[in-house]
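A short worksheet on the structure shown next.
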Amino acid sequence: MNNQKLIRLINTAIERIAAYFVIPLEKLAYRNYFDYPFGKQPLADADSYRKIWQQARQIEYPEIDRFEKDTGHAIDQEWFHDLALLTQVVIKRSDICYQHGRLLYAELSRYIDQHADQRITILETGTARGFSALCMAKALYDQQQPGKIITFDVLPHNVKMYWNCISDNQGAQTRAELLKNYRELVNEFIIFHQGDTKKELEKIEIPRIHFAFLDGKHTYDYAIYEFNYVSKRQKPGDIIFFDDYTPQKFPGIVKAVDEICNNHHYGKQIIRISEQRRYAITQKKHGN
Ligand SMILES: C[S@@+](CC[C@H](N)C(=O)[O-])C[C@H]1O[C@@H](n2cnc3c(N)ncnc32)[C@H](O)[C@@H]1O
């Protein structure tokens, strides 16, 4: 056997051995997210979730109404609140507020008005239960716009868990099962990718990202890392929407967004609905 053949055989053997360990090692690295991250049993009964939802849906948000009016687009209210009951209403100390879904729908629809001739690629970091991805999918569907939403989360899509949500009383479910009533939108528009964005983004090549919603780790480092990934793939007019531009709660996000706008040719619009809730919509002005 010549040397080259021997080296090829050794390389193949190394690849096989490494591949054998990759999936178990990945599972080990993400074990907290695969093993009932929201608890091993339901946190409350369905009525408790419904009560929280009934209160949350009564609150009025004039800034969001104005934003919708300016864009000429508003998400269907019944559809929106029903989705929120399943994917946003959780047991937690802070108030429930899911208005970013209205903003995402309206802003994406406005973007589509101006780019109707293109297939739109959307990147999301922080899928959670799928709420924001579905609000964006609804915009693509309503505006009859071909496109894809690629969404990342450390939480797996096909592992059963309790989600701290109203349907937990039906037993542990995967995210795919949780979203079964939205299957058509999911199948047409959404690609779910499990893993930490710093490790996973570089593994996929997306030539253009028209619109991004960054709502994952909420630290300065991650916001800058994800911004760098997205901005390289954007053209003037393209959008990055940051959730939680809120100085008291997420100073890292505020610092990152301000730096991005000062140093990287992005303009920003801040939507403030309370001291606890601000959103930053940034738009690329010209090339880097
Ligand atoms: C605020 S939640 C996202 C909410 C969601 N966008 C919505 O509107 O319903 C943040 C999510 O980011 C995920 N996450 C946190 N750090 C991450 C990371 N480094 N990479 C990928 N996802 C991450 C969390 O698991 C969590 O589900």
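The values are calculated or read from the model by the stated rules, or taken from the named source; none is laboratory data. What you see is a predicted model; the values in this text were computed from it and never measured. Cβ placement follows ideal geometry from the backbone for every residue including glycine, while neighbour counts extend to all protein chains displayed. These accessible areas exclude ligands, DNA and RNA; they are computed on the full protein's heavy atoms, side chains included. Shrake-Rupley method; radii C 1.70, N 1.55, O 1.52, S 1.80 Å.
Of note:
- Filter result for Ile224 (at pLDDT 95 or above, in contact with a helix residue (DSSP H, G or I) (Cβ under 7 Å, 6 or more places away or on another chain) and over 19 Å from Glu68 (Cα atoms)): yes
- Among the residues of the range 195-205, those identified as within 12 Å of the ligand (Cβ to nearest atom) and not in a helix (DSSP H, G or I) are Gly195, Asp196.
For every residue, the table says whether it meets (1) more than 15 Å from the ligand (Cβ to nearest atom); (2) of a type in the set (Asp, Glu).
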| residue | (1), (2) |
| --- | --- |
| Gly72 | yes, no |
| Asp76 | yes, yes |
| Phe80 | no, no |
| Gln88 | no, no |
| Tyr98 | no, no |
| Arg102 | no, no |
| Ser109 | yes, no |
| Ile112 | yes, no |
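- Tyr30 meets the stated requirement of being outside the structural domain of Ala280 (by TED's automatic domain parsing) and surrounded by 14 or more Cβ atoms within 10 Å (Cβ to Cβ).
- Filter pass, Phe227 being over 16 Å from Leu134 (Cβ atoms), within 15 Å of the ligand (Cβ to nearest atom), in the same structural domain as Ala116 (by TED's automatic domain parsing) and not in a loop (DSSP other than H, G, I, E, B): yes
- Figure legend. Inter-residue proximity from the range 275-288: first residues more than 11 Å from Tyr245 (Cα to Cα), second residues modelled with pLDDT of 95 or more and part of a loop (DSSP other than H, G, I, E, B), beta-carbon distance below 6 Å, spacing 6+ or different chains. Indicated pairs: Lys284/Gln234; Lys284/Pro236; Lys284/Asp238; His286/Pro236.
- Residue count for the range 26-50, restricted to those that are more than 14 Å from the ligand (Cβ to nearest atom) and within 19 Å of Thr87 (Cα to Cα): 12.
- Looking only at the range 70-117, and only at residues there that are farther than 21 Å from Arg175 by Cα and of a type in the set (Lys, Arg), the one that is surrounded by the fewest Cβ atoms within 10 Å (Cβ to Cβ): Arg93
- Of Ala176, Ala172, all but one fail to be more than 23 Å from Ala106 (Cα to Cα), in contact with a His (Cβ under 8 Å, 6 or more places away or on another chain), assigned by TED's automatic domain parsing to the domain that holds Glu107 and surrounded by fewer than 19 Cβ atoms within 10 Å (Cβ to Cβ); the exception is Ala176.
- Residue list for the range 238-268, restricted to those being open to solvent by less than 20 Å² (accessible area, probe 1.4 Å) and on the phi > 0 side of the Ramachandran plot: Asp244
- Looking only at residues in the range 144-153 that are closer than 16 Å to Gln118 by Cα and either touching a residue at least 40 places away in the same chain (Cβ under 8 Å) or out of contact with any helix residue (DSSP H, G or I) (no Cβ under 7 Å at 6 or more places or on another chain) (or both), the one that is most open to solvent (accessible area, probe 1.4 Å) is Gln144.
- Contact annotation: residue pairs with Cβ atoms under 8 Å, 6 or more positions apart or on different chains, pairing a residue in the range 129-142 that is in the same structural domain as Asn158 (by TED's automatic domain parsing) with a partner that is part of a helix (DSSP H, G or I) and of a type in the set (S, T, N, Q), are Arg129/Thr87; Gly130/Thr87; Phe131/Thr87; Leu134/Thr87; Ala139/Ser109; Asp142/Ser109.
- The range 6-17: number of residues that are at pLDDT below 90 and charged (D, E, K, R): 2
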